[in-house]
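Comments concern the structure below.
Throughout, read-outs are computed from the coordinates displayed, never taken from laboratory work. These numbers come from a predicted model, not from an experiment. Here the Cβ is made from the backbone with ideal geometry for all residues, glycine too, and neighbour counts use every protein chain on show.
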């Protein structure tokens, strides 16, 4: 038996349980974002360039883990080992096939396009401010983001198949390139969204609960991938460290704006209530005036 297959045949149950827990958490973490967009029936507040960079970064990360020779050797080992060790050994691949990387390509991209605001007042939630027209992208921009994302995915898929079947000796280099490119895109992905959120002073349709789950989850999962792939898989887990830091910055800023907005709402409500209450104060002359009437 191949040494790698022998290693997989004796899985680490603690690491398997942790990886499975994080995998479930990743799937669940996107539900608040999807539900918020659907509830508001608008993707207002999401930067189209944030979606574009996230989609292309996720596509590269998706291809990276599939092209890695170590991943493909793990898949080949399933022919020689039992079912449970095979599942445990491929959990890293399963995680990469989960919505954490596939989501930008499917769910978020589709929701962003379907619920892209085309009116002057896209948000129906009474807790959200009307949009600032100078920050609102056009629907043509949304279509362009979708087209570029699909074209990029097709090109990466074609090149990945070519390297795997025609130039297998260069697959590690191609995987490293995809990992570096994914990390670079992920590193700059959050800057357009941070800028948009800063200018709006609101999170819009961006979900804070999603970021609360994903920010610490990124660091935990990066540690899990380090244990699984070691330093050779730096291109696989490095992107999680970068995105975790940037998403944490966005989370802090978005939470601050939401807290300040709710405080302003509370003050405005108290002010309106004070104006609505009639002045019932009396003076010494009040009974005399009423008597004269």
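Which shape class, rounded, prolate or oblate, goes with segment 186-281 when its Cα gyration tensor gives a ≥ b ≥ c as root eigenvalues, a/c under 1.5 marks rounded, and past that a/b bigger than b/c marks prolate?
Working: a/c = 6.43, a/b = 3.32, b/c = 1.93.
Because a/c hits 1.5 or more and a/b exceeds b/c, segment 186-281 counts as prolate.
When a footprinting reagent is the concern and you count Cβ atoms within 10 Å, what order do 224, 138 take, fewest first?
Values: 224 22, 138 11.
By the 10 Å Cβ count, ascending: 138, 224.
Give the average over all directions of the projected area of the C-alpha convex hull of segment 176-240, one decimal, in nm². Don't skip to the answer; put the middle values down first.
Values: hull surface 19.4 nm².
If you wrap the Cα atoms of segment 176-240 in a convex hull and average its projections, you get 4.9 nm².
Within 10 Å of each residue's Cβ, count the other Cβ atoms and sort 68, 90 from fewest upward. Display every interim value, and only then the final one.
Values: 68 26, 90 17.
Result, fewest neighbours first: 90, 68.
I need 77, 245 ordered by Cβ neighbour count within 10 Å, fewest first. Don't jump to the answer; show the numbers that get you there.
Numbers: 77 21, 245 14.
Least to most surrounded, the residues fall as 245, 77.
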